Amino acid sequence: MNNKISSKCSLVAMPYLVILALLGACSTEATKPADPDQSAQKAAPPAPPPPSPILQIPILPHDEAVLKAANTLFSKAELAGDPADKTMRRPVVIDPLIDGVSRMQTAATRKMETNVANLVKAKYPQFEVKPFTAANLGQSPLLVVGTFTPINQLGKTEGVRESYRFCLALVDLKSRRIVSKAVARSRMENVDSAPLPFFSDAPVWTRDPTGEAYVATCQASKLDGEVSPAYIDSLVADALINEGIRAYNSAHFKEALALFVKAGATPAGQQFRTLTGNYLAASKLGRRQESAQAFGRIVDFGLDAGKLSVVFTFRPGATSLHGGTAKEPYDMWLKSLAQHAAQRNSCMEIIGHASRGGPESVNERLSALRAEYVRQRLVDETPSLDKRLIAAGYGSRENLIGTGKDNASDALDRRVEFRLLACRE
């Protein structure tokens, strides 16, 4: 096996008298006065389609948009079975808010989470905000989920992003239903969308079923709708993972590793974030063999899903990778990618991406060269991959973040993507 990638008034062929008759008919049709009612009907333009609901939402300053959405969420909550004792407070936990595209926690989502908690404490005494922990989940509290997503003027996550869409949902864990929802739009100015350390340090990105379930709980749910069991069933593991993320962000790497290991042992614990946490914490603790094994598991997770992306840091305008302290993990990453790709009976497209900015022709050319560089590095590691790998440059046409800031906040737009393909005979 070689793996490679007719017209009523026509005058043609008619007798003379027939032609005269038809010409008269054509002339009569052309000069016949139009019916006034029909003319008016034809002249009336079609009714314009109703504007998209997202376009009817005003774009507010960021902090104002957050408070508006939070106030709507808690003031309109439809709660069943409120306690007879009105002095009793309903516990509320916040499953950390995330970027609606990258599924990452950012400086902006963390600030929004803090602002929501502070608002509840100050204005809604019937609720008590508690930490998002496995122990507190045992009380079947109300649960807040939220996404913060850069969108274009049509409300889509493509092209030039011009505002943020903020979605909040309130889940009653007793009934497993959505009891309140709120949506707002905010301006992009003065918003720090840089990922928090755990997410900015993560070398690989791919879709995770638990992350998709979180986003669907906010964006695809309806008021009084039932929450996806996939989301509910992962909450205990999610709480442990988030404790590990907080520990990592605070540079408590031993504690973080222990929490990620504990989360991985739960029924829903084998998540992409768990594997990433194991890799990151082990790397910070200098455990090379452990971190290399963890990276291999990350690669397999992505390849099992059909694709994954690696965030390499290239020199500006060049195809070479940054050296120095970053060189050693890059060597390990490339070796692991080659080994795990070779173990599969598949071919693979390696795609370079670029953030928005500058001539798109340049972006496409540079991203193609970077993809070819990575392809060659994999072939150098495992020569048998040569005829199973192709490289392509997509420039900025598949941006995920799309803000064009060209900094840590849109690093994912400069990813190198690996997509599995069926090999041709």
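Please give the number of the condition K335 fails out of (1) of a type outside the set (S, T, N, Q); (2) buried (at least 16 other Cβ atoms within 10 Å of the Cβ); (3) not in a helix (DSSP H, G or I).
Result: K335 fails condition (3) only.
Among the residues of region 297-316, write down those that are over 16 Å from F199 (Cα atoms) and either charged (D, E, K, R) or surrounded by fewer than 18 Cβ atoms within 10 Å (Cβ to Cβ) (or both).
Those that are over 16 Å from F199 (Cα atoms) and either charged (D, E, K, R) or surrounded by fewer than 18 Cβ atoms within 10 Å (Cβ to Cβ) (or both): R297, D300, D304, A305, G306, K307, R315, P316.
For region 268-289, enumerate the residues that are assigned to a helix (DSSP H, G or I), out of contact with any Lys or Arg (no Cβ under 7 Å at 6 or more places or on another chain) and buried (at least 16 other Cβ atoms within 10 Å of the Cβ).
F272, R273, T274, T276, G277, N278, Y279, L280, A281, A282, S283, K284, listed by residue number.
Take residues that are surrounded by 19 or more Cβ atoms within 10 Å (Cβ to Cβ) and tell me which of the helices (runs of 4 or more DSSP H) falling wholly in region 206-253 contain 2 or more.
It comes to 209-219, 235-249.
Being out of contact with any Leu (no Cβ under 7 Å at 6 or more places or on another chain) and of a type in the set (V, I, T) is true for just one of V160, V204. Which residue is that?
V160
Here are some residues: R419, R388, R375, R356. Which one is surrounded by 21 or more Cβ atoms within 10 Å (Cβ to Cβ), in contact with an Asp or Glu (Cβ under 8 Å, 6 or more places away or on another chain) and of a type in the set (D, E, K, R)?
Step by step, each of R419, R388, R375, R356 is checked, and only R356 is surrounded by 21 or more Cβ atoms within 10 Å (Cβ to Cβ), in contact with an Asp or Glu (Cβ under 8 Å, 6 or more places away or on another chain) and of a type in the set (D, E, K, R).
Would you confirm whether any residue within region 144-153 is more than 19 Å from Q105 (Cα to Cα) and not assigned by TED's automatic domain parsing to the domain that holds G395?
yes
Those residues that are within 16 Å of S193 (Cα to Cα) and assigned to a strand (DSSP E or B), I need them from region 143-166; list them, please.
G146, T147, F148, T149, P150, I151, S163, Y164, R165, F166
Give region 167-205 a look and list any residue that's under 22 Å from N407 (Cα atoms) and part of a strand (DSSP E or B), or say none.
S186, P195, V204, W205
Which ones in region 223-252 are among the hydrophobic types (A, V, I, L, M, F, W, C) and farther than 20 Å from L168 by Cα?
V236, A237, L240, I241, I245, A247, A251
Considering only residues that are under 20 Å from V215 (Cα atoms) and not aliphatic (A, V, I, L, M), look in region 115-150 and name the one that is surrounded by the most Cβ atoms within 10 Å (Cβ to Cβ).
G146
Being touching a Lys or Arg at 6+ places or on another chain (Cβ under 6 Å), surrounded by 17 or more Cβ atoms within 10 Å (Cβ to Cβ) and not basic (K, R): is that true of L257 here?
Considered against the rule, which asks whether it is touching a Lys or Arg at 6+ places or on another chain (Cβ under 6 Å), surrounded by 17 or more Cβ atoms within 10 Å (Cβ to Cβ) and not basic (K, R), L257 comes out as no.
The values are calculated or read from the model by the stated rules, or taken from the named source; none is laboratory data. Keep in mind it's a predicted model, so treat the numbers as computed, not measured. Here Cβ is always computed from backbone atoms with ideal geometry, including for glycine, and neighbour counts include all displayed protein chains.
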